[in-house]
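These notes are about the structure you will find just below.
The values are calculated or read from the model by the stated rules, or taken from the named source; none is laboratory data. Everything numeric in this text was worked out from a predicted model, so none of it was measured. Cβ sites come from the backbone with ideal geometry, for glycine too, and all protein chains shown count toward neighbours. For accessibility, only protein heavy atoms count, side chains too; no ligands or nucleic acids. Shrake-Rupley method; radii C 1.70, N 1.55, O 1.52, S 1.80 Å.
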Amino acid sequence: NAGVTQTPKFQVLKTGQSMTLQCAQDMNHNSMYWYRQDPGMGLRLIYYSASEGTTDKGEVPNGYNVSRLNKREFSLRLESAAPSQTSVYFCASSEVIAGELFFGEGSRLTVL
Amino acid sequence: GENVEQHLSTLSVQEGDSAVIKCTYSDSASNYFPWYKQELGKGPQLIIDIRSNVGEKKDQRIAVTLNKTAKHFSLHITETQPEDSAVYFCAAQGGGATNKLIFGTGTLLAVQP
């Protein structure tokens, strides 16, 4: 089992460009999440999907959109990237909303 | 909403010593407190968790204690080894319908051989 797979692992964008981070899990989990990790800020929740067909805002949703494509896949879209979105992004999944989170290996995004 | 504070940004110990990392939380309705370990270049991984109906939980060299009155919880690692060197995140599951997990800012533990 691969667990949680994120693509791409690295990306450099120019301000104003758009991109989508892809995430897939093979553990048949119901809930999926997107976090960003910044130095001194810890892990902050961007959006989450408690179950297939639902999405909700986390702590820092501005500038992002998400799509829960099916039970396996949860994508994060930056419509118009800004330097403040330079970060490491982690996708995670859990069997239930209050359960153990399984993280991917992260996607490092730089916005110039 | 919930606010989790992890006051130590770095902690350095000698191999074999114990390490303690403490977190405080604000929402008295929070009822689930996990600890995650993040090794360099990896995603965080759950190492231990505790729910609000118990005061302590142990798993080999790792333990977590919870003080609901004071609203703080701590990670204890005994007989530290170099492979314990990593960033440790505490988290609290906020009360209410959304059940969002709020993380602390992380503590870099360095175990000196």
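Compute, for chain A, the length of the dipole vector about the Cα centre, with Cβ point charges of +1 (Lys, Arg) and -1 (Asp, Glu) only. Units Debye, rounded to 20. Before the final figure, lay out the partial values.
Values: 10 positive and 10 negative charges, 69 e Å.
The calculated dipole for chain A is roughly 340 debye.
Fraction of C-alpha pairs exceeding 19 angstrom in region B:2-113: 41 percent, rounded to a whole number.
Of the residues A:101, A:31, B:23, the one whose Cα sits farthest toward the positive end of the charge dipole of the protein assembly as shown, with +1 on the Cβ of Lys and Arg and -1 on the Cβ of Asp and Glu, is A:31.
Can you check what the Kirkwood hydrodynamic radius comes to for region A:39-100, Cα pairs only, in Å to one decimal?
On the way: mean 1/r = 0.0784 Å⁻¹.
Kirkwood hydrodynamic radius for region A:39-100: 12.7 Å.
Comparing A:89, A:49, A:74 along the charge dipole axis of chain A, the residue lying farthest to the positive side is A:89, per the Cβ-charge model. Between residue B:78 and residue A:59, the modelled labels are 3.2 nm apart [label points 7 Å from Cα along Cα→Cβ]. Among beta bridges identified by DSSP and lying wholly in the protein assembly as shown, the antiparallel ones come to about 90 percent.
May I ask for the equivalent-ellipsoid semi-axes of the protein assembly as shown, computed as the square root of five times each C-alpha gyration tensor eigenvalue and listed largest first in whole Å? Before the final figure, lay out the partial values.
On the way: eigenvalues 173, 82, 51 Å².
Semi-axes from the Cα gyration tensor: 29, 20, 16 Å.
For chain A, the pair-distance distribution built from all alpha carbon pairs, in bins 10 Å wide starting at 0, is 16, 52, 28, 4 percent.
How large is the accessible surface per residue of chain B, computed with a 1.4 Å probe and reported in Å² as a whole number?
Working: 5510 Å² over 113 residues.
Accessible area per residue: 49 Å².
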